[in-house]
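K.L.:
Below are the structure tokens for one structure; questions will follow.
The values are calculated or read from the model by the stated rules, or taken from the named source; none is laboratory data. In this text the structure is predicted, and so the values were computed from the model without any measurement. All Cβ positions, even for glycine, are placed from backbone atoms using ideal geometry, and neighbour counts span all protein chains on display. The protein model used for the area step is the full one, side chains on, heavy atoms only, and it has no ligands, DNA or RNA in it. Shrake-Rupley method; radii C 1.70, N 1.55, O 1.52, S 1.80 Å.
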Amino acid sequence: MSKNERLIFHVDVNSAFLSWESVHRLAADPESIDLRTIPSAVGGDKQSRHGIVLAKSTQAKSFGIVTGEPLTHALQKCPSLVVVPPNFEVYTRYSERLMNLLSEYTPTLNQFSIDEAFLDMTDTYHLFGAPMDIANQIRDRVLKELGFTVNIGISTNKLLAKMASDFKKPNLCHSLFPSEIPEKMWPLPVEELFFVGKSAKAKFGILGIRSIYDLAHTNVNILKTHLGNKYSALIHEYANGIDEEPVEVTDPKAKGCGNSITLSQDVIDNAIAKQVLLALSETVGARLRSSNVSCSCITVEIKYTNFQTYTHQTVLPHQTNTTATIYEAACRLFDEFWDNSPIRLLGIRTTKLDDTDFSQISLFDNNQSDKFKKLDSAIDSIRNKYGIDSVKRASFLKKG
DNA sequence: TGTTGAATCCCAC
DNA sequence: CTAACGGTGGGATTCAACA
């Protein structure tokens, strides 16, 4: 490794939710069947039929089932598919155990999602051995100590490490050093490059760009005629394996906080919609308050039955994190732009977050909202004591 | 000319 | 029936309004 090069690992849990669900169930009942050995999936709410596949077993994958597809679709492909509901609290625990294990290898660790992490091993790898040996050691330890498999990608930056962890699965470690790019990365279809989605793939197709090689060897200015300026520059660098972003140990402050829900039945009644907005306001408000932040912008989202989505937003005169204030703004926005047709999804999102300024709030809030704040505090404490779902509005319980 | 806001689009997990 | 489907969050883009 030359002196300025970094050593970056990307660790990715194979079929995370399904693996964790299996380990969890086997721990509770050693006689139960290992979901990983049958066609199975972790999926959303079976009852309302609104779920999608969140994770699938290898056997389910052999039926052509892919993550993100509707459960009904997956069941058509494989009628015997065993579908289990997700258990996020359990997954969070396994995630924490994994991160704790990984943190033994470097202090420079960043959790990218519930089941992925980047490790900057530059300053610590010499304590443990050669890069590939360390990765295999981590992989073995995770399986032996925690019971599930991971893939680990090894390279000199985050992009290449992440691409490498996506190579052959499961339970494998791969390197993708810059010298290996022509052989290991450029032949791949362009949509396998991180940050190339459906839309970019289509535009690349127009330009005759099919592989990552094609993209890497296309003039950036050509890209900029069909895609955004910043995006073109970024994706061209990615295709050439360039990524200077450091592994950040501390995450940046949250920029927004929202809550949305696909309703178990389409809503056509204004009063019902308002009750849903109240429940959403309550969730968002509680989360803002627990983070000691307030918002200055509120957005309401409506998805109609044809899946067309619209948003409407407003900037508040003063920052707030009280349920009642969020709710009132959301109602006003909703009434301003709802076209009275059946609603599939409702959402509220708060942005322009800032540390709650108590002096400002006490200056501008009147006695009435003071009562609401007390109500919020009471609800919050119950949530904390009994769990977030213990307090629900009547409409929320009645729904469905 | 440059900034802000609003609505939409795109991406990831 | 062109179609069966989540929740959350970050960021870019486009256009209008405004200074």
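K.L.:
Could you list, in sequence order, the residues of the stretch A:154-197 that are crowded, with 18+ Cβ neighbours inside 10 Å and within 13 Å of DNA strand B (Cβ to nearest atom)?
P.N.:
Passing the criteria: A:LYS158, A:LEU159, A:ALA161, A:LYS162, A:MET163, A:ALA164, A:SER165, A:VAL190, A:LEU193, A:VAL196.
K.L.:
Let me ask something else about it. Look through A:VAL293, A:VAL284, A:VAL315 and report the one residue that is within 9 Å of DNA strand B (Cβ to nearest atom) and aliphatic (A, V, I, L, M).
P.N.:
One residue alone meets the criteria, A:VAL315.
K.L.:
Shifting gears a bit: What pairs come up if the first residue lies in the stretch A:187-209 and is in the same structural domain as A:ILE222 (by TED's automatic domain parsing) and more than 14 Å from A:ASN240 (Cα to Cα), the second is outside any helix (DSSP H, G or I) and within 16 Å of DNA strand C (Cβ to nearest atom), and their beta carbons are under 6 Å apart, counting only those six or more places apart or on different chains?
P.N.:
Listed pairs, sorted by first residue: A:LYS203/A:LEU227.
K.L.:
Tell me the residue from A:MET132, A:MET121 that is loosely packed, with under 15 Cβ neighbours inside 10 Å and of a type in the set (A, V, I, L, M, F, W, C), please.
P.N.:
The unique qualifying residue is A:MET132.
K.L.:
Please specify each residue of the stretch A:217-256 satisfying the condition of being of a type in the set (A, V, I, L, M) and within 16 Å of DNA strand B (Cβ to nearest atom).
P.N.:
Once the filter is applied, which keeps residues that are of a type in the set (A, V, I, L, M) and within 16 Å of DNA strand B (Cβ to nearest atom), the stretch A:217-256 yields A:LEU223, A:LEU227, A:ALA233, A:LEU234, A:ILE235, A:ALA239, A:VAL247, A:ALA254.
K.L.:
Here is a further query. Tell me which of these A:GLY241 doesn't satisfy, since it passes every other one: (1) free of Cβ contacts under 8 Å to residues at least 40 places away in the same chain; (2) closer than 30 Å to A:SER103 by Cβ.
P.N.:
(1)
K.L.:
When the stretch A:215-230 is examined, which residues are found to be open to solvent by less than 50 Å² (accessible area, probe 1.4 Å) and in contact with a helix residue (DSSP H, G or I) (Cβ under 8 Å, 6 or more places away or on another chain)?
P.N.:
Within the stretch A:215-230, A:LEU215, A:ALA216, A:THR218, A:VAL220, A:LEU223, A:LEU227 meet the criteria.
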